[in-house]
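Peer 1: Quick one: structure below, then a few questions.
A short reminder: the numbers here are calculations on the coordinates, not readings from a lab. Not measured: the values here are computed from a predicted model. Cβ placement follows ideal geometry from the backbone for every residue including glycine, while neighbour counts extend to all protein chains displayed.
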Amino acid sequence: MARAFLVVMDSVGIGGAPDADRFFNGDLPDTGANTLAHIAAACAAGRAEDGRSGPLHLPNLDALGLGAAARLASGDETPGLNARPQGMCGAASEVSPGKDTPSGHWELAGVPVPWDWHHFPDTTPSFPADLAQQAARLAGTDGILGDCHASGTQIIAQLGAEHMRTGKPICYTSADSVFQIAAHEESFGLERLLKLCADLAPTLHAMKVGRVIARPFIGDENSGFERTGNRHDYAMDPPAPVLSNWISDAGRRVYAIGKIGDIFSMQGIDEVRKGTDAVLMGHLSDLVDEAEDGSLTFANFVEFDSLYGHRRDISGYARALEWFDTAICPILDRLRADDIMILTADHGNDPSWPGTDHTRERVPVLVAGMGGGALGHVAFVDVAASIAAHLGVSPQGSGKSFF
């Protein structure tokens with residue numbers, strides 16, 4: 001029986017979104033943003049030489065059609081990515097009114113977001129006074145720290161010592177629809193942090209804030225602070241059954257790799273495997289060998305976005321792409337005759353763009369296991385419909401299968 005693997009290369013956008021002028025980094029619209037093409041251009045021009053060198057080298061993804069999909073999406077040149085596609089490839093456009101993680105993933109899973117997310121203003125304080133007071137009350141403290149837009153690594157460096165002295169949780173946000181709480185795993189306690197986030201989440205979700213994120217860290221003022229792998233997202237439930245529900249309701253098994261379980265609030269998901277992207281690649285490799293007939297494996301590789309896109313690190317992003325290209329090759333080679341793997345993305349995060357927010361872009365759709373062919377321009381929801389059709393499961397929603 002057929003199996004399906006859906007792999008989201010988080011933030012690997014390819015430009016060309018028809019509504020990019022409606023989305024902004026600060027006062028600058030995202031018109032012209034192109035994560036992949038701008039990285040490729042920087043590499044070809046010798047402007048991405050930190051830890052790597054030369055033109056962007058992605059022979060396996062390019063053979064599937066990555067360069068061709070990018071040129072279709074925007075018309076921009078993709079230096080070094082000029083292979084004739086051997087897989088099915090196309091470019092997908094999003095309709096949800098957001099360029100965030102839940103919007104992109106939910107729509108890829110068949111359900112566009114029907115509302116506008118709530119975002120906190122880039123002011124200090126960022127949060128309404130009653131919300132800050134509720135967070136403090138639930139934490140059992142007389143206040144919170146932060147209350148602003150911030151980088152997660154920078155704010156724990158700035159406030160970690162004060163947090164340890166006072167016990168007050170560090171609360172911050174970003175351009176995404178999120179409320180993040182950082183706390184020390186030992187002095188504050190990991191379970192206490194997770195309970196605080198869980199208790200606060202219903203209030204935030206009622207405001208249409210997409211995620212409350214627990215950001216635990218360790219260390220001290222002398223040695224420095226670092227975040228741990230015990231992050232947990234408390235996300236809103238999707239507004240309708242998504243791909244994982246469709247598969248689960250048909251009696252099939254659904255595996256989640258990375259933060260997929262958090263993004264979908266475990267809807268229809270049987271098993272979660274987490275870790276760094278390198279660890280996640282091992283999980284994906286294992287499941288290509290082990291996953292049952294008829295199953296869906298849904299994976300997210302987040303470090304393109306979290307480590308390099310938001311930090312506007314072109315060399316780092318290029319290194320991550322080249323690592324991924326090399327690591328995915330033996331996995332693609334071991335797909336069974338009736339398997340498919342779809343590689344795509346959820347939004348862009350152009351590291352050459354001003355600001356630190358995601359960028360509104362089309363995303364690649366690369367299909368391994370179905371031979372070659374041009375998909376052309378497709379919708380995000382078509383990804384879910386195509387996987388459902390491949391697995392012989394009735395899709396729900398408006399998507400149309402590629403096959």
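Peer 1: Which of these, Pro114, Pro351, Pro169, has the largest mean-square fluctuation under a Gaussian network model of the chain (Cα springs below 10 Å)?
Peer 2: Pro114
Peer 1: Could you go through region 194-207 in sequence order and give the Karplus-derived ³J(HN,Hα) for each residue, using 6.51 cos²θ - 1.76 cosθ + 1.60 with θ = phi - 60°, rounded to whole Hz, and x for Gly and Pro?
Peer 2: Values per residue, Gly and Pro as x: 5, 5, 4, 5, 5, 5, 7, 4, x, 5, 5, 5, 5, 7 Hz.
Peer 1: At a Cα cut-off below 28 Å, give the lysines reachable from Lys274, other chains included and same-chain residues fewer than 8 away excluded.
Peer 2: Lys99, Lys195, Lys208, Lys259
Peer 1: Oh, and also: Amide H neighbours of Thr297 under 5 Å, counting only residues 5+ apart in sequence or on other chains, H built in-plane at 1.01 Å?
Peer 2: Correct list: Ala4, Phe5, Leu6, Tyr255.
Peer 1: Give me a comma-separated list of calculated 3J(HN,Hα) values for region 248-254, in order, Karplus coefficients 6.51, -1.76, 1.60 applied at θ = phi - 60°, integers in Hz, x for any Gly or Pro.
Peer 2: 5, 5, 8, x, 9, 9, 10
Peer 1: Can you work out ³J(HN,Hα) from phi for every residue in region 224-233, in order, using Karplus 6.51 cos²θ - 1.76 cosθ + 1.60 and θ = phi - 60°, giving whole Hz and x for Gly and Pro?
Peer 2: x, 10, 9, 6, 9, x, 8, 3, 9, 9
Peer 1: Of Phe188, Phe264, Phe301, which is the most mobile in a GNM of the chain whose springs link Cα atoms less than 10 angstrom apart?
Peer 2: Among Phe188, Phe264, Phe301, the largest GNM mean-square fluctuation belongs to Phe188.
Peer 1: Taking the Cβ of each residue in Trp246, Trp115, Trp323 as the centre, tally the other Cβ atoms inside 10 Å and list the residues starting with the fewest.
Peer 2: Trp115, Trp323, Trp246
Peer 1: Against the longest principal axis of the chain, how steep is helix 35-44, in degrees 0 to 90 to the nearest 10, with axes from Cα atoms?
Peer 2: 80
Peer 1: Oh, and also: Quick query: amide H of Val12 versus all other amide H atoms, modeled in the peptide plane; which residues come in under 5 Å with a sequence gap of 5 or more or a different chain?
Peer 2: Asp346, His347
Peer 1: Mind jotting down the distance between the C-alpha centroids of region 1-60 and region 337-403, whole Å?
Peer 2: Going from one Cα centre to the other spans 15 Å.
Peer 1: Please work out the Cα center distance from region 85-149 to region 225-241, rounded to the nearest Å.
Peer 2: Comparing the Cα centres of region 85-149 and region 225-241, I get a distance of 11 Å.
Peer 1: Follow-up. Which value, in debye to the nearest 20, gives the size of the charge dipole of region 305-403 about its Cα centre, when Lys and Arg are +1 and Asp and Glu are -1 at the Cβ? Don't jump to the answer; show the numbers that get you there.
Peer 2: Working: 8 positive and 12 negative charges, 20 e Å.
Taking the Cα centre of region 305-403 as origin, the dipole is about 100 debye.
Peer 1: What is the dipole size for the chain, taken about its Cα centre, with +1 at each Lys and Arg Cβ and -1 at each Asp and Glu Cβ, in debye to the nearest 20?
Peer 2: Its charge dipole is roughly 240 debye.
Peer 1: May I pose another question? List Asp305, Asp293, Asp350 from most exposed to least, where exposure is judged by having the fewest other Cβ atoms within 10 Å.
Peer 2: Going from sparsest to densest Cβ surroundings: Asp293, Asp305, Asp350.
Peer 1: In 10 Å bins starting at 0, how do the alpha-carbon pair distances of region 10-159 split up by percent?
Peer 2: Taking all Cα pairs of region 10-159, the binned fractions are 10, 26, 28, 22, 11, 4, 0 percent.
Peer 1: In the Gaussian network model of the chain, springs joining C-alpha atoms below 10 Å, which of Gln267, Gln133, Gln86 carries the largest mean-square fluctuation?
Peer 2: Per the Cα network of the chain with a 10 Å cutoff, Gln133 tops the list.
Peer 1: Residues with amide H under 5 Å of Asn25's amide H, sequence separation 5 or more or different chain, H placed in the peptide plane at 1.01 Å from N; which?
Peer 2: Amide H neighbours of Asn25, under 5 Å, 5+ apart: Asp30.
Peer 1: Still on this structure: At a 10 Å Cβ-Cβ cut-off, how would you order Val272, Val381, fewest neighbours first?
Peer 2: By the 10 Å Cβ count, ascending, the order reads Val272, Val381.
Peer 1: Let me ask something else about it. Can you give the Rg to Rh ratio for the chain, taking only C-alpha atoms and Rh from Kirkwood?
Peer 2: 0.96
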